[in-house]
Amino acid sequence: MLIILMKTLPLIILLASFIYACGQEKKESEKMKQEERKFEINKSEEEWKKELTPEEYQVLREQGTERAFTGEYYHHKEKGTYLCAACGNELFSSEHKYESGSGWPSYWQPINHSAVKTEMDKSHGMIRNEIECNKCGSHLGHVFEDGPQPTGLRYCINSISLDFKKR
Ligand code: FE
């Protein structure tokens with residue numbers, strides 16, 4: 001019995017350390033995933049529910065979409081800055097807004113490189129690039145590759161996800 005144990009012990013140790021290493025690696029990747037989702041503003045869904053109207057909550061926190069041609073800023077032409085309706089982060093400038101005919105306010109670029117975050121969205125049987133506020137992670141809309149030059153991009157944004165600051 002002792003001889004068998006002595007012969008197999010190194011193998012058992014090797015196997016145990018391998019299982020341990022795999023577990024650690026999984027923990028690490030889960031931790032990284034969580035960290036990736038961390039934004040400068042981190043509120044619980046309960047807190048967001050208290051702060052936002054039910055309509056805002058549905059779009060900003062549950063990836064909803066307002067009905068086309070119904071939003072406050074679709075035909076909005078004043079000069080100024082569009083902010084995140086959830087946290088006030090500056091997102092888009094009126095200088096980059098254009099008439100896309102889509103029914104939602106459209107911009108060919110964000111106000112700066114760090115204003116928004118792009119995430120792959122596989123919901124509703126489509127693969128789209130979701131746009132989130134880079135400060136609070138709230139859902140804003142989607143970006144498509146049929147916009148005007150110089151970027152060729154169309155940031156298609158829900159009015160309800162936006163506030164406006166006049167210049
Ligand atoms: Fe935000």
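All of the numbers you see were taken from the coordinates with simple rules; none came from a lab. All of these numbers come straight from a predicted model, not from anything done at the bench. As a convention, Cβ positions derive from the backbone with ideal geometry for all residues, glycine included, and neighbour counts pool all protein chains shown.
Which of Phe92, Phe69 comes first, and how do the rest follow, when ranked by fewest Cβ neighbours within 10 Å?
Lowest count first: Phe69, Phe92.
Can you work out the Karplus-derived ³J(HN,Hα) for every residue in the range 76-83? Use 6.51 cos²θ - 1.76 cosθ + 1.60 with θ = phi - 60°, whole Hz, and x for glycine or proline.
So the Karplus estimates, Gly and Pro as x, are 5, 10, 5, 8, x, 10, 9, 10 Hz.
With the cut-off at 1.5 for a/c, could you classify the range 32-167 from its C-alpha gyration tensor as rounded, prolate or oblate? Could the numbers behind the result be given before it?
Numbers: a/c = 1.44, a/b = 1.28, b/c = 1.12.
In terms of gyration-tensor shape, rounded.
Determine, for His76, His124, His139, the number of other Cβ atoms within 10 Å of each Cβ, and report the residues in order from fewest to most. Please report the intermediate quantities before stating the final value.
Details: His76 15, His124 8, His139 23.
Ordered by Cβ neighbours within 10 Å, fewest first: His124, His76, His139.
What number comes out for the charge environment of Ser93, summing +1 per Lys or Arg and -1 per Asp or Glu over other residues with Cβ under 10 Å away?
Values: positive: Lys79, Lys97, Arg167; negative: Glu90, Glu95.
Once all neighbours under 10 Å are counted, the net charge is +1.
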